[in-house]
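**Q** Pasting in a structure now, in structure tokens, and then I'll have a few things to ask.
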Amino acid sequence: MVVRRDVRTGGRPGRVRGALLGAAVLLLVTGPLMVSPSSPAASEHEAPAVRARPSATPTPAAGPASPRGGPPAGAGSAEYRRSRPELPAGCTAERRRPEPHDVRPDCSYPVVGVFLRPGGHKTCTGAVVDSRHGDLLVTAAHCLPLDGTSFAPGYHDGLAPYGRWPVLAALPDPRFTGARGGTGNWPYDWAFVRVARVGGRSVQEAVGSAFHVPPHPERLPSDLGRVTLVGYPHNRPGQRLCTVDSGPAYGGFRQARCAGFSSGVSGSPWVIAAREGEGIVVGVLGGAERGGGFLADVSYTARFDAGLASLFATAQGIGP
């Protein structure tokens, strides 16, 4: 049996219906951002996606859904609407295609991007999350360190339409002691990354939206239902999209079947009801077998627990 590339240097990846996450409440945070230096973990393997129970088709709306079905803070404001990138006609249908496919440059998700090393070499995938200062990303802990890299949201064909945002610091889950630290690390394969402001703006202001971190991830159902993954395989010019039913995997991990999610997709967000670049993050590509396995079309994510919410609070300066 041939093992696929499970060290995926580069990452892979909605709006949530109230029925799926009725207990979740969007986290409102305050206080200064505090992040620690990047972890020395060096592995770049990525994990396949998780399967979930099919959910009802989300209804169209101008703003992202909260876990209770309402709009996020600021979604109704004129400033918010003006900041959201306008999508060309046809992008909605393209994003709803059920089979894994490459996303056209003009239909790419602005909130998802790739980390670039000096010289333009692509590494992992990351995604902008809604945060107090608008400067936080989520990715896989095994993608660290990211020293000297920059984040390019919406990257395609060598172009960074929303600019490049230098990485300042990263905060992996403290239970993840390193990519080579043994299998005990992989259930905690997530991290938050802080990027610099560019031109006086935060990355969240630049892309016009963000994914939301659930305040109580441990309350997410074991069967997530329909999830969307967006990632950057190294062998493709831009984003690859996969919307699929996810499901449980061995060891408490979750899995999903997404063809073409090869090296480069580690750290890709798993989101519920991804739409217009918004949704609830329920996983990041990584975890079991460093995100990869024996089957090229299977991806994993570690199962979020209360530690993720604590880590997010710390990254925003309101936790221990």
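Nothing in this text is a laboratory measurement; each read-out follows from the coordinates by a stated rule. Keep in mind it's a predicted model, so treat the numbers as computed, not measured. All Cβ positions, glycine included, derive from the backbone under ideal geometry; neighbour counts span all protein chains shown.
**Q** List the residues, sorted by chain then number, that are 5 or more residues from Leu224 or on another chain and whose placed amide H is less than 5 Å from its amide H.
**A** Distant-sequence amide H within range of Leu224: Arg53.
**Q** Also: Which log10 I(q)/I(0) values does segment 157-316 give at q = 0.10, 0.13, 0.20 Å⁻¹ under the Debye formula, counting every alpha carbon as one identical point scatterer?
**A** -0.36, -0.63, -1.52
**Q** Based only on Cα atoms, what Rg/Rh ratio does segment 104-227 have, Rh being taken as Kirkwood's radius? Walk me through the intermediate numbers first.
**A** Values: Rg = 14.9 Å, Rh = 15.3 Å.
On the Cα set of segment 104-227, Rg over Rh gives 0.98.
**Q** May I ask for the distance between the Cα centers of segment 198-269 and segment 140-155, given as a whole number of Å?
**A** That distance is 15 Å.
**Q** If you don't mind, another one. Can you tell me the order of 309-318, 142-151 when each peptide is scored by its average per-residue count of other Cβ atoms within 10 angstrom, highest first?
**A** Packing order, densest peptide first, comes out as 142-151, 309-318.
**Q** Oh, and also: How much length would be gained if the chain were fully extended between Tyr250 and Arg197, taking 0.36 nm per residue of separation minus their Cα-Cα distance, in nm to one decimal? Numbers along the way, then the final one.
**A** Values: separation 53, 0.36 × 53 = 19.08 nm, distance 4.03 nm.
Separation in residues times 0.36 nm, less the Cα-Cα distance, equals 15.0 nm.
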